[in-house]
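The values are calculated or read from the model by the stated rules, or taken from the named source; none is laboratory data. Computed from a predicted structure; not experimentally measured. So basically every Cβ, Gly included, is an ideal-geometry build from the backbone, and we count neighbours across all protein chains shown.
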Amino acid sequence: MKLAAKSARAFAPASVANIAVGFDLLGFAAPIAGDTVTVSIAPEPTVTLEPAKAPGSKGHLPTDPRLNTATAGLVKLIEDRKLKHGFHVSIEKGIPMGSGLGGSAASSVAGIVAASSLLEKGLTKTEMVYYALIGEAVASGSFHADNVAPSLYGGLTLATLKKNPDNLAIEVTELPIPENLWCVVLHPNTEVETKMARGILKPDISLRAHIEASGRLASFISGLYKNDLDLIGRHLRDDIVEPQRAHLIQGFSNVQKAALGTSGVLGCSISGAGPSIFAWTKGERTAESAKVAMLKASPMARAWSFAIESGNGARLIP
């Protein structure tokens, strides 16, 4: 097989998953941080990687390619395409470990995007999502594309998948983004392990809870298509997962109250598995006010505000 190049470098942004109403389904790209992965062609059909460390983390990332989020998908790619060559990988982590900002997904996406560009026949976006999910599952213990999809596509996405014995059917829908929609993300500078945060969740909910949650999700998505921020705000809440995870995040209640007490804030909840917290707002001025209020409630944290926009997904870089 003819190779397109010998080396490529890709960046993938952080992301906020769940968005309160869409557990394991919804996510949006957060251009506040990201991971950069460099992939080079290796002569043997194996994957090797250089030792790397995440910001704020005491330990190094796994060096076993099957246990590293940036490389697990590449191992599967070599197997599936029966490649005669392999990949050497180096990772520059810009997203803190266990931050709830899609760090494992970003590394996996960046690795797949870079590797795809080196092949004569590159991967489709659907294939990229699939191989990135192989890496994401290493960190989370399950297949869900609510971080992978927005990190790859950018903007706001709905990702559904159905795993069966033969394949993994993936469908990503790029959702419309209402005008003047802004976000605040607060990171408390602590870690929450995704597998642990998933492990504490109850496997079953009542029929009433299911109906109410389905109604909120449907109304929320309807608000996106109608460009109706008020409709979105009335349904931007999580009565199922958030109550089970809130105790994992010190000061969560105070930060949430501070955000919701700011005029123009549509909603506030946990970003992914936490500990980061996000709030959606009407416009930049409200976002800045909410950021100040949230930081006052959690003085040791870091916070960012940004417009939610399309076109800010993973990309190749020089």
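Residues considered: Ala20, Ala72, Ala42. Of these, the only one that is closer than 30 Å to Glu212 by Cα and among the hydrophobic types (A, V, I, L, M, F, W, C) is Ala20. Could you check how many residues of region 271-311 are on the phi < 0 side of the Ramachandran plot and either part of a loop (DSSP other than H, G, I, E, B) or in contact with a Lys or Arg (Cβ under 6 Å, 6 or more places away or on another chain) (or both)? Summing the residues that are on the phi < 0 side of the Ramachandran plot and either part of a loop (DSSP other than H, G, I, E, B) or in contact with a Lys or Arg (Cβ under 6 Å, 6 or more places away or on another chain) (or both) in region 271-311 gives 13. Might you check whether a residue that is of a type outside the set (D, E, K, R), at pLDDT below 95, surrounded by 15 or more Cβ atoms within 10 Å (Cβ to Cβ) and assigned by TED's automatic domain parsing to the domain that holds Ala20 occurs anywhere in region 170-180? Looking for residues that are of a type outside the set (D, E, K, R), at pLDDT below 95, surrounded by 15 or more Cβ atoms within 10 Å (Cβ to Cβ) and assigned by TED's automatic domain parsing to the domain that holds Ala20, one finds at least one in region 170-180, hence yes. Quick check, is Asn227 loosely packed, with under 15 Cβ neighbours inside 10 Å, among the polar types (S, T, N, Q) and in contact with an Asp or Glu (Cβ under 7 Å, 6 or more places away or on another chain)? Against the criterion (loosely packed, with under 15 Cβ neighbours inside 10 Å, among the polar types (S, T, N, Q) and in contact with an Asp or Glu (Cβ under 7 Å, 6 or more places away or on another chain)), Asn227 qualifies. Under the condition of being at pLDDT 95 or above, loosely packed, with under 12 Cβ neighbours inside 10 Å and part of a helix (DSSP H, G or I), the residues counted in region 196-211 number 3.
When we screen Ser116, Ser108 for residues that are outside any loop (DSSP other than H, G, I, E, B) and farther than 24 Å from Gly272 by Cβ, the only hit is Ser116.
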